[in-house]
Amino acid sequence: MVSFDAREPGTPASAWDERVRGLPAFDLGRFAGLLVIAAHPDDETLGAGGVIRTMAASGRPVHVAVATGGAPDGDPAIVAERRAELHAALESLAAEVRITTWDHPDAATGAHRDELRADLDALVAATPRDWLVLAPWAGDGHHDHRVVGELVAEVAADRPTASYPIWMWHWADPADERVPWPRMVRAAGDAAAKRDALDRYPSQVAGDDPLLRPELLAHFLRDDDLLIADALPADYFEELYARYDDPWGFEVRWYERRKRALTLASLPAERYATGLELGCSIGVLTEGLAGRVDDLLAVDISDAALDRARARVGDRARFARHDLRDGIPPGSYDLIVLSEVGYYLTRDPLRRLLAQLRDALTDDGVIVACHWRHAVRDYPLTGDEVHAELGALGLAPLASHVERDLLIDVVGRDPRSVAERTGLA
């Protein structure tokens with residue numbers, strides 16, 4: 001649990017400059033519209049004002065929804081003042097913007113979680129699926145930010161999402177392990193427009209003792225908004241492959257060679273007609289799978305990795321660049337391999353992916369998952385968490401191999417064992 005004092009100076013914006021300067025860009029071009037959800041009036045401008053400006057300037061629709069009135073005691077006069085400021089700020093950022101406001105209690109959203117969830121659920125359900133949904137980061141250290149962020153993650157589990165931190169910049173520093181650097185991205189914005197919009201909140205930024213002090217505002221007056229993506233960005237992997245030909249030692253480590261042998265030995269059938277390998281990397285496991293699958297499609301998010309995989313495997317498999325956050329390639333598969341990939345996603349995108357994998361299985365198809373069990377700071381989930389989600393799919397467990405270092409699980413629609421399938425039992 002994070003504890004901080006908003007009146008304290010906090011970490012200066014300059015302390016973050018070097019680290020945020022190198023963050024990868026977030027592509028806003030692939031979204032048809034924008035839904036920004038905020039806990040309080042002004043959160044939307046602080047955390048996503050630049051994105052609102054950019055999307056609106058490109059002619060795409062923007063909808064902003066705010067959960068509370070911004071008055072901890074519900075004072076009608078304060079709520080009215082904050083609402084007027086909200087409208088003025090958004091009108092300065094976008095010529096046209098739809099605004100939805102609710103009256104959930106400020107600083108007590110957790111006590112009214114069910115009511116807030118119902119409102120958010122209806123809001124997201126009415127939002128086109130090709131829009132980006134932005135919400136407060138659940139790890140921000142503020143009660144309302146956590147509750148709203150968690151609820152949006154639940155109701156928007158099948159949507160493209162990202163989150164925006166606000167108080168993290170105040171209480172954390174670049175070395176803090178709670179900062180999700182691997183998923184941090186830059187989204188194009190407009191610092192001058194954002195400054196103008198924030199000035200429309202005099203109740204928060206003006207006076208002798210404002211809540212939003214100049215040293216805090218400095219974090220948000222950048223040319224880019226800083227967001228937390230729902231998975232590691234592609235640049236994370238491209239940078240790895242730019243530095244190393246074989247980042248994880250697939251070719252040289254006995255651990256990796258043994259793990260591949262265990263994975264291949266776990267396949268219940270001798271041959272498969274169709275197969276899908278998610279996250280093929282440089283194609284070392286792909287090479288083994290290609291000898292067991294007639295039509296194998298191997299995908300990865302990194303072009304550099306795919307080039308090396310093609311050189312290794314040749315025409316014994318098909319290769320394609322694919323981002324798992326966009327779903328899975330269309331088709332049905334007898335074999336789906338998810339090896340050392342699941343923990344790069346956060347929990348809700350992983351659940352969406354696993355549900356799609358289940359639906360893409362043929363009647364006797366199987367999913368084979370293999371993951372490292374030790375925690376890695378860059379990864380949103382652990383291997384154990386990935387396999388727990390796999391086990392919750394409702395598919396029949398066919399094989400499980402457990403070691404201190406790794407997990408291998410095989411699940412499928414057909415519960416019969418290998419001996420039963422081949423007539424031995």
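Full extension of the chain between ASP323 and ASP223 yields a length gain of 33.3 nm, computed as 0.36 nm times the residue separation minus the alpha carbon distance. Residue-wise HN-Hα couplings along region 106-122, as the Karplus relation 6.51 cos²θ - 1.76 cosθ + 1.60 with θ = phi - 60° gives them from phi, are 5, 6, 9, 5, x, 6, 10, 4, 5, 5, 5, 4, 4, 5, 5, 4, 5 Hz; Gly and Pro carry x. Applying 1/(1 + (r/R0)^6) with R0 = 35 Å to the Cβ-Cβ distance of THR362 and ALA175 gives a FRET efficiency near 0.10. Converting phi to 3J(HN,Hα) with the Karplus coefficients 6.51, -1.76 and 1.60 and the offset θ = phi - 60°, region 349-355 yields x, 5, 4, 4, 4, 4, 5 Hz in sequence order, with x at every glycine or proline. Simple point charges give the picture: +1 on the Cβ of Lys and Arg, -1 on the Cβ of Asp and Glu, and for the chain a dipole about the Cα centre of about 1300 debye.
The angle between the Cα long axis of helix 303-313 and the longest principal axis of the Cα atoms of the chain comes to about 0 degrees, rounded to the nearest 10. Under the combined filter of DSSP loop state and at most 13 neighbouring Cβ atoms within 10 Å, region 331-419 retains these GluC sites (Glu not before Pro): GLU403. Checking every one of the trypsin sites (Lys or Arg not before Pro) in region 84-147 against DSSP loop status and a limit of 13 other Cβ atoms within 10 Å picks out ARG129. If you average the alpha carbon positions of region 156-190 and of region 82-112, how far apart do those two centres end up, in angstrom? Cα centroid of region 156-190 versus Cα centroid of region 82-112: 21 Å apart.
Could you tell me which of rounded, prolate or oblate describes region 1-104, using a ≥ b ≥ c as the square roots of the eigenvalues of the alpha-carbon gyration tensor, with rounded for a/c under 1.5 and, failing that, prolate when a/b is larger than b/c and oblate otherwise? Oblate, since a/c reaches 1.5 and b/c is not below a/b.
Pop the C-beta distance of HIS112 and TRP254 into the FRET formula with R0 = 60 Å and round what comes out to the nearest 0.05. Using R0 = 60 Å, I get an efficiency of 0.60. For the chain, the longest principal axis of the alpha carbon atoms and the long axis of helix 76-93 meet at an angle near 70°. Counting beta carbons within 10 Å around each of ARG310, ARG21, ARG257, ARG404 and listing the fewest first gives the order ARG404, ARG21, ARG257, ARG310. (1) 20.8, 65; (2) 23.9, 83; (3) 25.9, 84: which one is Rg and Dmax of the Cα atoms in Å as calculated from this entry? Label (2) holds the value from this structure. Taking region 332-367 and a reference point 7 angstrom along Cα→Cβ of GLU154, the backbone N atoms nearer than 16 Å belong to 347-349. Sparse packing (at most 10 other Cβ atoms within 10 Å of the Cβ) combined with a DSSP loop state is found for the following trypsin sites (Lys or Arg not before Pro) in region 166-238: ARG178. Figure legend: label point modelled 7 angstrom from the Cα of PHE4 along Cα→Cβ; residues of region 179-200 with amide N under 13 Å from it are 179-180. Sorting 187-193, 50-56, 249-255 by their mean Cβ neighbour count within 10 Å, with the most densely packed peptide first, gives 50-56, 187-193, 249-255.
The modelled label-to-label distance for the pair ALA419/ARG21, using points 7 Å beyond Cα in the direction of Cβ, is 6.6 nm. In deg cm²/dmol, rounded to 500, what helix-only [θ] at 222 nm does the chain give when every DSSP H run of at least 4 residues adds -39500 (n - 2.57) and the total is split over its residues? Calculated from helices alone, the mean residue ellipticity at 222 nm is -10000 deg cm²/dmol.
Values in this text are rule-based calculations from the coordinates and carry no lab data. Fair warning: this is a prediction, and the values are worked out from it, not measured in the lab. Quick reminder, even Gly has a Cβ in these numbers, built from the backbone with ideal geometry, and neighbours come from all protein chains shown.
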